1. Identify all residues within the stretch 199-237 that are without any contact (Cβ under 8 Å) to a residue 24 or more places away in the chain and either closer than 15 Å to residue 134 by Cβ or in contact with a helix residue (DSSP H, G or I) (Cβ under 9 Å, 6 or more places away or on another chain) (or both); write none if there are none.
2. For residue 279, state whether it is modelled with pLDDT of 70 or more, surrounded by fewer than 16 Cβ atoms within 10 Å (Cβ to Cβ) and touching a helix residue (DSSP H, G or I) at 6+ places or on another chain (Cβ under 7 Å).
3. Looking at the stretch 1-56, which of its residues are assigned to a helix (DSSP H, G or I), without any contact (Cβ under 8 Å) to a residue 60 or more places away in the chain and in contact with a helix residue (DSSP H, G or I) (Cβ under 6 Å, 6 or more places away or on another chain)?
4. Which number in (1) out of contact with any strand residue (DSSP E or B) (no Cβ under 6 Å at 6 or more places or on another chain); (2) surrounded by fewer than 21 Cβ atoms within 10 Å (Cβ to Cβ); (3) modelled with pLDDT of 95 or more; (4) farther than 30 Å from residue 273 by Cβ marks the one condition that residue 169 misses?
5. For the stretch 196-204, state whether one or more residues are part of a loop (DSSP other than H, G, I, E, B), surrounded by 17 or more Cβ atoms within 10 Å (Cβ to Cβ) and touching a strand residue (DSSP E or B) at 6+ places or on another chain (Cβ under 8 Å).
6. For the stretch 150-166, name all the residues that are touching a strand residue (DSSP E or B) at 6+ places or on another chain (Cβ under 8 Å) and either more than 26 Å from residue 97 (Cβ to Cβ) or assigned to a helix (DSSP H, G or I) (or both).
7. Could you check, for the stretch 282-296, whether at least one of its residues is modelled with pLDDT of 70 or more and farther than 30 Å from residue 42 by Cα?
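The values are calculated or read from the model by the stated rules, or taken from the named source; none is laboratory data. All figures in this text were calculated on a predicted structure; none of them were measured in a lab. Cβ coordinates were reconstructed from backbone atoms using ideal geometry, including for glycine residues, and neighbour counts include every protein chain displayed.
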């Protein structure tokens, strides 16, 4: 499917999630190409060693050489802010390097497909740029300050209106992309709120089975029919956004309590258990490759600001506080440490 190309980014710490995403995409959309911006050398070397079909890894340094305006922002931003800054520029990089692609779609690395994404493209058939709402549940309306739309899935078509919207988003992120709400801006995300007003052909994805997540499914009827998860009795689950799933020791934690979301047996058995199994398998694959790499290639990226040190400490505290949440296949699952993104 060279007319539909996907891209994402992650480092070696997120490699299991990235591999789970990759395998789920290949299972439900065979032959789909996935470009990975490797945020660490260990990530790049591991993906090169794995030599997975339809997966194209790229070093961060190679991307930065092609995008000096993006690279120039790095000293002024925390690590996560810099990664957010890269989002639209990475999409444009892939579009420029996939001349046969009609669509390039960015995917967050913590997505997992349960069915073909084909219905999304059917819905976007007349569009030039595709964005997806958070659809925050009624108890989470205050979270709209982080953006109406979620960067978890963003699509651009090789049409001038779509490319113009992508370039505008790239320029805004270079100007300002910080992990805080400031006026009508938040990271790379709230810029998406303005796209439908500024550009023709921006399509808001309506399929409720796309981007089901802890922050939205509390308001939906989620059922099981004919061997698949179904939302509101008519939308098959296409992909779930596993934001906030973290591992601590031998346990996994989820973010449901933070978002006041239920965790019924159906969600546990039909959504989380397959994902945890995919993560566990990916971790075994990753560990066997990382152990053979030089130690300097698997160090965690340097923290760019004091705020990162503080937020990292808070993450560790929250992991301890939330230990013992809902169990999935005998493993506990935790709360995220950041707004939905």
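1. Result: 220, 231.
2. Details: modelled with pLDDT of 70 or more: yes; surrounded by fewer than 16 Cβ atoms within 10 Å (Cβ to Cβ): no; touching a helix residue (DSSP H, G or I) at 6+ places or on another chain (Cβ under 7 Å): yes.
The answer is no for residue 279.
3. 43
4. (2)
5. Scanning the stretch 196-204, I find at least one residue that is part of a loop (DSSP other than H, G, I, E, B), surrounded by 17 or more Cβ atoms within 10 Å (Cβ to Cβ) and touching a strand residue (DSSP E or B) at 6+ places or on another chain (Cβ under 8 Å), so the answer is yes.
6. Of everything in the stretch 150-166, those that are touching a strand residue (DSSP E or B) at 6+ places or on another chain (Cβ under 8 Å) and either more than 26 Å from residue 97 (Cβ to Cβ) or assigned to a helix (DSSP H, G or I) (or both) turn out to be 161, 162, 163, 165, 166.
7. no
Each row is one residue, and each column tells you yes or no for (1) surrounded by 17 or more Cβ atoms within 10 Å (Cβ to Cβ); (2) over 17 Å from the mean Cα position of the chain (by Cα).
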| site | (1), (2) |
| --- | --- |
| 215 | yes, no |
| 233 | no, yes |
| 236 | yes, yes |
| 242 | yes, no |
| 255 | yes, no |
| 261 | yes, yes |
